[in-house]
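A.B. asks: Here's a structure for you.
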Amino acid sequence: MTNQTSHAHHHITPLKIYLGIGGTLLVFTVITVLVAGFDFGPANILIALLIAGFKATLVAFFFMHLWYDNKLFFVIFASSLAFLAIFIGLTMYDTERRAELDPIKEHPIEAQAAMYKNRPAVTGGAAASHGEATAAPVDTNAAPGH
Amino acid sequence: MEPTIPQTHYLNSPKGLKSWLFTLDHKRIGIMYFAAIMFFFFFAGLLAIILRTELLNPGRDLMDAEAYNRFFTLHGAIMIFLFIIPSIPAALGNFLLPLMIGAKDVAFPRLNLASWYVFVGGAIFGIYSLISGGADTGWTFYTPYSTSTTSSVSSMLLAAFILGFSSIFTGLNFIVTIHKLRAPGQTWFKLPLMVWALYATALIQVLATPVLAITLVLLLLERTMGIGIFDPAMGGDPVLYQHFFWFYSHPAVYIMILPGMGIISELISHMSHRKIFGYNAIAYSSFGIALVSFLVWGHHMFTSGQSELAAVIFSFLTFFVGIPSGVKVFNWVMTLYKGSISLATPMLYALSFLVLFTIGGLTGIFLGALSVDIHVHDTYFVVAHFHYVMMGGTVMALLGGIHFWWPKMFGKRYNEFWAATSAIIIFIGFNMTFFTQFILGAQGMPRRYYTYIDQYQSLHVFSTYGAWVLGLGFLIMAIYFIHSLIKGKPAGNNPWGAIGFEWETASPPPTENFVTQPVVTHGPYDYDKVLIPREMPTRSEKVAR
Amino acid sequence: MADHAKTHAPLDEHVAHHFTDAEQQRESSKLGMWVFLLTEVLFFGGLFCAYAIYRSWYPEMFHAAHKALDVKLGFINTLVLISSSVTMALAIRSMQLGNKRQTMYHLFATLIFAATFLVIKYFEYSHKFHLGQLPGKYYTYTGIEGSNPHVFFSIYFVMTGLHGLHVIGGMIAIIIMLVKTSRDRFNALYYNPIEVTGLYWHLVDLIWIFLFPLLYLVS
Amino acid sequence: MDTTGTLFLPPANSTLASEVDPLWGFLFWSSTIMFAIVMAMIAFFVIKYRRRGQDTLTTGNAHNAPLEIAWTVIPTILVMIIFIWGFKSYIKFYVAPKDALEINVTGQKWFWSFDYPGGANSVSDITVPVGKPVKLLMSSKDVLHSFYVPNFRIKMDVLPNRYTTAWFEATAVGDYQIFCTEYCGKGHSEMLGKVKVVGEREFAEWLEKSSGMGEGLSLEEFGAQLYKSRACNTCHTLDGKKLVGPTFKGLFGREEAMTDGTRLVADENYLRESMLDPKAHIVNGYDPVMPTYQGILKDRQIDALIAFIKAQQ
């Protein structure tokens, strides 16, 4: 990994690119909010992550100059994401597959933490203030656990 | 002609306490780290001897159960966070890395000083936790015990959190230094293997320590606000904590061993005046260990309620992390072939490393096999395994490194006879203490037990005698090192006749390291081309003459 | 391979004694910052892992609890942070062109956007404090069904709180850059500190780009 | 527990042990041989190539591709064998046979308690029939513990709020040591117990005797039996000494000051409430650590215990 030793090569990104990338980011922010309105089932989180990932790559390549700079920086950034993926992937490989061999290991014994014991069951979110969708009114004697 | 110590060198110029407290010189920061880690090593070592003495008989000998639990937690936490992780990278590494690559200093000297003061800050929190009663959770802080106990766990967590940043700063500094400040002509494959090892260690320090930081932050919040991520009473999951903890802590054991392997590659080659066997294999295996070490943490949790399928994956990957270490041992053994082996003290420690680390590595294979691990997990077998690898490995390598570079660091020679004697006493005491623990563990003696059933007593007594012998060995070492600092004879620039930039400058070196910028003219271990006269006759020559 | 063989450029006062020239110092400082950003990604990564695991363990609770977050405020915050990224990038560009006044203007704009972000965050937090939607055992709100709703708010507060702290850290760095620029410490050939602060700031924005959909848009 | 097992292991007293011991033997001998080879080479080289007299240039050969490939491939094959062998025997560990006798194990700070099908229960010692598979369904009441029987080679952590399972089939009658191997505080090293393996017939008799409702006994005698089998004795004494909880001696009818300032007489209702909802009223000077017995103790058992406490003057 020999780094470029070109002398005093300071890449100056043209204004047009910065503003263009900034605009695209704003547009995609709007898109991700709109897309969240529809329900694609399990694919929701995938789409949200894809859009966020695309926006992140735009920021990384153009605002953080990964596109022009020494490739070593890109290797560092990519390896940070790779090791994060290893961490999340292997940990979730365990947390998702605990009940494969014995269904009793699926769920915790008590679903609710102890602190909810002497709490009134879920009331409608009547006291919700502006901008917060009121929780669907729930008949109060429904057991709080799912 | 008799070697002499130069008039001015980094130790005596500039003068005064302030020049030490605000120094940016990597050598002085290395010496300050060296003093701190040796203090913590002897302190935690004393705790270990007290623990072993307590275990002479089942039931109460010196203290009651709660005190015992706090003592073994302190022994573990200080040895790991305050001694073994900073020891080789921050103490020897800081001193040697710029010298070995012909640089004037590390890439970010101010960050280097910051890492020292963050280390001191973390140590202060650790000592505060010790004074205010100490934690009684073991160094792993497993929840929900760590979230429900009233002992001063929070200050110990804060200490570990702060010390993590000292480790990140050192790692970051070394990565940039090795990439950017190498001497002209020094390509990656002309670097001494110590530099490769420090590079691989720095990668792990930088990649793993942040996850420890977030784990400790979440655990602190769990204790204060009950956020319910790790505490089952609040809907959390203790096994998730173990995943978070071991994702750092297994790579951390490679932060401990890789620099030790770097020192051993140097010692074996320089002390036998022979080209290192399989340079590329050793360099790549350091790098390989650094990467694969992130895939295997689940083997600490085979019996923890983790999903059995995940356990199988972790066991499979664990066996691949053992192969590079085995390859390295074979390369070191082959380096002895047709060498000119001097049995001075550094070589004694390198050879005892080979013996003890091989035992440690092989018992690691026992622990990697799924069904055998179920029997020996959390027993003394594991205690013996990690002492063989950490003390038999890293500490022996550190001691070998200290003896090898002592003349370069302080310009003085130590007493060769007492050094060799203490090395042998330490080797014997170590095996007495820990080989018996393999047997104890195989028979089911659990870990962290204050008292035990009578049938284990004879082995515990033998192990405690071993601990006393070990303590004696280290006492002798402390004495002759202090004597050497005060009245040691000058050692000259290259007492061992070794190849390396650090041996081309004065001992102790001037503040700016090199008078003229060193340039690479031959490989780091070209003992088949370069013959360097030695100024210090080693013991074997005195015997031979 | 460091570039010593080059003729020694006149050592201007910006280059530290142990570097051979400005280019090596600049590359070193950027490499150092990128490695630091690696630790930041993994530091926040731990929280993303906790988020992913608890979302798969309590899917309905996450769906119900995310309604308590105000999507409009989150959306405005995202726009604010993206614009602060744009102004930060322009600040670096104008210093590369040696235009001190324009650099200070852009840095100041970034600072204002950052402050706006924090103010909006303050409103969101105070609204939740008022309703009792607090992390862990302080959670007293009863409008969300599903088990252990306090876990969502624990993750929400730790993630956005830690991100907020990093925004504050970034603002301090930008203020230092503003002061140094006003004292003519930088020129078209030496602007490392601003570039490095910019890298850090873009990462703070990048983390929010992931935080926004994951926390606010759980459909 | 004697140590007459092979190669440092304790005796093998369960079917699973016969899965583990061969692999342990293979690991033991292959490691010893590998270690011996490496040590012999080191010793030979150090003696043969010791430095004598003046330095000379040494050999430069630092590569030997076939050798290097060999000592990479051979250990890889060796460890793969060990992995597959370990994996095969591991499968037998985690799937309990269908017809196993299921016993609920509860770990709590510093003793084990066992609940058998049919209502029988015991503390610290678990009684099982020989030659029949036994499945343990385990959970903890407070912190992590770990159920470990060296002679059966089984170990499994016991988690609060989640079930974990382990199983064994004892092959010989006798008492086998139980350890707790996950650090759990002050009494971690005293959280011991015994697996009492008995014949088929004795087990049936024992089960009958201890799961009954004390038909042949008076209320007070049945209460005395429950006082031990329910581990009341670990926290409440009969001789007046204060332990984790108040002593039963002279408790009945005495007026006690409660932590919330009220004063209550220790009558039948207070005792019944203290068993079903212990944290409702705590006597001054004691910690609210008593676990609830709601749904665990049946009415006749509660009456028996109250009768027993009443008799402690």
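A.B. asks: Collect the residues in region C:48-107 that are modelled with pLDDT of 95 or more and at positive phi, keeping them in residue-number order.
C.D. replies: none
A.B. asks: Within region B:189-245, which residues are under 29 Å from the mean Cα position of the chain (by Cα) and either without any contact (Cβ under 8 Å) to a residue 12 or more places away in the chain or not in a helix (DSSP H, G or I) (or both)?
C.D. replies: Matches in region B:189-245: B:L191, B:P192, B:L240.
A.B. asks: Next up: Among strands (runs of 3 or more DSSP E) lying entirely in region D:134-215, which contain 1 or more residues that are within 14 Å of chain B (Cβ to nearest Cβ) and surrounded by fewer than 24 Cβ atoms within 10 Å (Cβ to Cβ)?
C.D. replies: D:154-158, D:164-169, D:174-180, D:193-198
A.B. asks: Scan (1) more than 29 Å from B:I175 (Cα to Cα); (2) surrounded by 16 or more Cβ atoms within 10 Å (Cβ to Cβ) for the single condition A:F77 breaks and write down its number.
C.D. replies: (1)
A.B. asks: Within region D:14-30, is even one residue closer than 16 Å to B:L354 by Cα and touching a Gly at 6+ places or on another chain (Cβ under 8 Å)?
C.D. replies: Taking every residue of region D:14-30 in turn, none turns out to be closer than 16 Å to B:L354 by Cα and touching a Gly at 6+ places or on another chain (Cβ under 8 Å).
A.B. asks: If you go through region D:116-135 one residue at a time, do you hit one that is aromatic (F, W, Y) and at pLDDT below 95? It would help to see each step written out before you state the result.
C.D. replies: Looking only at region D:116-135, we keep the residues that are aromatic (F, W, Y), and these are D:116.
Adding the requirement that they be at pLDDT below 95 leaves D:116.
Yes, there is a match, as at least one residue in region D:116-135 is aromatic (F, W, Y) and at pLDDT below 95.
A.B. asks: Let me ask something else. Looking at (1) farther than 30 Å from C:G146 by Cβ; (2) more than 8 Å from every other protein chain (Cβ to nearest Cβ); (3) in contact with a Phe, Trp or Tyr (Cβ under 7 Å, 6 or more places away or on another chain); (4) not aliphatic (A, V, I, L, M), find the lone condition where C:N77 falls short.
C.D. replies: (1) is the only condition that C:N77 fails.
A.B. asks: Right, another one. Just to check your reading of the model, which residue among C:E60, C:E27 is among the acidic types (D, E), more than 30 Å from B:F230 (Cβ to Cβ) and part of a helix (DSSP H, G or I)? Step through it out loud before you land on a result.
C.D. replies: Numbers: C:E60 fails: more than 30 Å from B:F230 (Cβ to Cβ).
Matching residue, one of C:E60, C:E27: C:E27.
A.B. asks: Looking at (1) part of a loop (DSSP other than H, G, I, E, B); (2) in contact with a Lys or Arg (Cβ under 8 Å, 6 or more places away or on another chain), which is the one condition that is false for D:I306?
C.D. replies: Here D:I306 meets the rest and fails (1).
A.B. asks: What tally of residues in region B:499-529 results from selecting those that are in contact with a Phe, Trp or Tyr (Cβ under 8 Å, 6 or more places away or on another chain) and aliphatic (A, V, I, L, M)?
C.D. replies: Count: 1.
A.B. asks: Check D:G185, D:G245, D:G250 and return the single one that is on the phi > 0 side of the Ramachandran plot and either in contact with a Phe, Trp or Tyr (Cβ under 9 Å, 6 or more places away or on another chain) or of a type in the set (F, W, Y) (or both).
C.D. replies: Working: D:G245 fails: on the phi > 0 side of the Ramachandran plot; D:G250 fails: either in contact with a Phe, Trp or Tyr (Cβ under 9 Å, 6 or more places away or on another chain) or of a type in the set (F, W, Y) (or both).
Of D:G185, D:G245, D:G250, the one residue that is on the phi > 0 side of the Ramachandran plot and either in contact with a Phe, Trp or Tyr (Cβ under 9 Å, 6 or more places away or on another chain) or of a type in the set (F, W, Y) (or both) is D:G185.
A.B. asks: Identify, from the list B:S129, B:S155, the residue that is more than 9 Å from every other protein chain (Cβ to nearest Cβ), touching a residue at least 24 places away in the same chain (Cβ under 8 Å), over 15 Å from B:F71 (Cβ atoms) and touching a helix residue (DSSP H, G or I) at 6+ places or on another chain (Cβ under 6 Å).
C.D. replies: Exactly one of B:S129, B:S155 is more than 9 Å from every other protein chain (Cβ to nearest Cβ), touching a residue at least 24 places away in the same chain (Cβ under 8 Å), over 15 Å from B:F71 (Cβ atoms) and touching a helix residue (DSSP H, G or I) at 6+ places or on another chain (Cβ under 6 Å), namely B:S155.
A.B. asks: Still on this model: Considering (1) crowded, with 21+ Cβ neighbours inside 10 Å; (2) within 14 Å of chain B (Cβ to nearest Cβ), say which one C:W57 fails and leave the rest.
C.D. replies: In the conditions (1) crowded, with 21+ Cβ neighbours inside 10 Å; (2) within 14 Å of chain B (Cβ to nearest Cβ), C:W57 misses (1) alone.
A.B. asks: Something else now. Sort out which residues of region B:160-188 are free of Cβ contacts under 8 Å to residues at least 60 places away in the same chain and more than 10 Å from every other protein chain (Cβ to nearest Cβ), and write them in order of number.
C.D. replies: Result: B:F161, B:I162.
A.B. asks: Is it the case, given these coordinates, that B:P98 is more than 16 Å from the chain's Cα centre (by Cα) and crowded, with 21+ Cβ neighbours inside 10 Å?
C.D. replies: yes
A.B. asks: Among the residues of region C:183-194, is there at least one that is modelled with pLDDT of 95 or more and charged (D, E, K, R)?
C.D. replies: Checked against the condition, which is being modelled with pLDDT of 95 or more and charged (D, E, K, R), region C:183-194 yields no hits at all.
A.B. asks: Only one residue in B:I289, B:I313 is aliphatic (A, V, I, L, M), touching a helix residue (DSSP H, G or I) at 6+ places or on another chain (Cβ under 7 Å), more than 9 Å from every other protein chain (Cβ to nearest Cβ) and in a helix (DSSP H, G or I). Which one?
C.D. replies: Working: B:I313 fails: more than 9 Å from every other protein chain (Cβ to nearest Cβ).
After ruling out the rest, the residue left standing is B:I289.
A.B. asks: Would region A:37-49 turn up any residue that is of a type in the set (D, E) and loosely packed, with under 15 Cβ neighbours inside 10 Å?
C.D. replies: Within region A:37-49, one or more residues are of a type in the set (D, E) and loosely packed, with under 15 Cβ neighbours inside 10 Å.
A.B. asks: Testing B:G339 on (1) farther than 24 Å from D:E182 by Cα; (2) in a helix (DSSP H, G or I); (3) facing chain D (nearest Cβ under 8 Å), one condition comes back false. Which one is that?
C.D. replies: The single condition B:G339 does not satisfy is (2).
A.B. asks: Would you mind finding the one in D:N64, D:N121 that is outside the structural domain of D:V173 (by TED's automatic domain parsing) and either loosely packed, with under 15 Cβ neighbours inside 10 Å or of a type outside the set (F, W, Y) (or both)? Explain how you work it out, then say what you get.
C.D. replies: Values: D:N121 fails: outside the structural domain of D:V173 (by TED's automatic domain parsing).
Being outside the structural domain of D:V173 (by TED's automatic domain parsing) and either loosely packed, with under 15 Cβ neighbours inside 10 Å or of a type outside the set (F, W, Y) (or both) holds for just one of D:N64, D:N121, which is D:N64.
A.B. asks: When you look at C:K30, is it more than 14 Å from chain B (Cβ to nearest Cβ), among the charged types (D, E, K, R) and surrounded by fewer than 23 Cβ atoms within 10 Å (Cβ to Cβ), yes or no?
C.D. replies: It is false that C:K30 is more than 14 Å from chain B (Cβ to nearest Cβ), among the charged types (D, E, K, R) and surrounded by fewer than 23 Cβ atoms within 10 Å (Cβ to Cβ).
A.B. asks: Okay, next question. For region B:219-237, how many residues meet the condition of being hydrophobic (A, V, I, L, M, F, W, C), out of contact with any Asp or Glu (no Cβ under 7 Å at 6 or more places or on another chain) and more than 7 Å from chain C (Cβ to nearest Cβ)? Reasoning before the result, please.
C.D. replies: Kept after step one, since they are hydrophobic (A, V, I, L, M, F, W, C), are these residues of region B:219-237: B:219-221, B:225, B:227, B:229-230, B:233-234.
Add one more test, that the residue is out of contact with any Asp or Glu (no Cβ under 7 Å at 6 or more places or on another chain), and what stays is B:219-221, B:225, B:227, B:233-234.
Okay, now just the ones that are also more than 7 Å from chain C (Cβ to nearest Cβ), so B:219-220, B:233.
The qualifying residues number 3.
A.B. asks: Here is a further query. Test C:L131 against the stated conditions and say whether it is surrounded by 15 or more Cβ atoms within 10 Å (Cβ to Cβ), modelled with pLDDT under 95 and within 20 Å of C:K30 (Cα to Cα).
C.D. replies: No, not satisfied.
A.B. asks: Kindly indicate whether any position in region B:316-329 is facing chain A (nearest Cβ under 10 Å), under 25 Å from the mean Cα position of the chain (by Cα) and of a type in the set (F, W, Y).
C.D. replies: No, because not a single residue in region B:316-329 is facing chain A (nearest Cβ under 10 Å), under 25 Å from the mean Cα position of the chain (by Cα) and of a type in the set (F, W, Y).
The values are calculated or read from the model by the stated rules, or taken from the named source; none is laboratory data. This structure is a prediction, so every number in the text was calculated from the model and none was measured. Methodologically, a virtual Cβ is constructed for each residue, glycine included, from the backbone with ideal geometry; neighbour enumeration extends over all protein chains shown.
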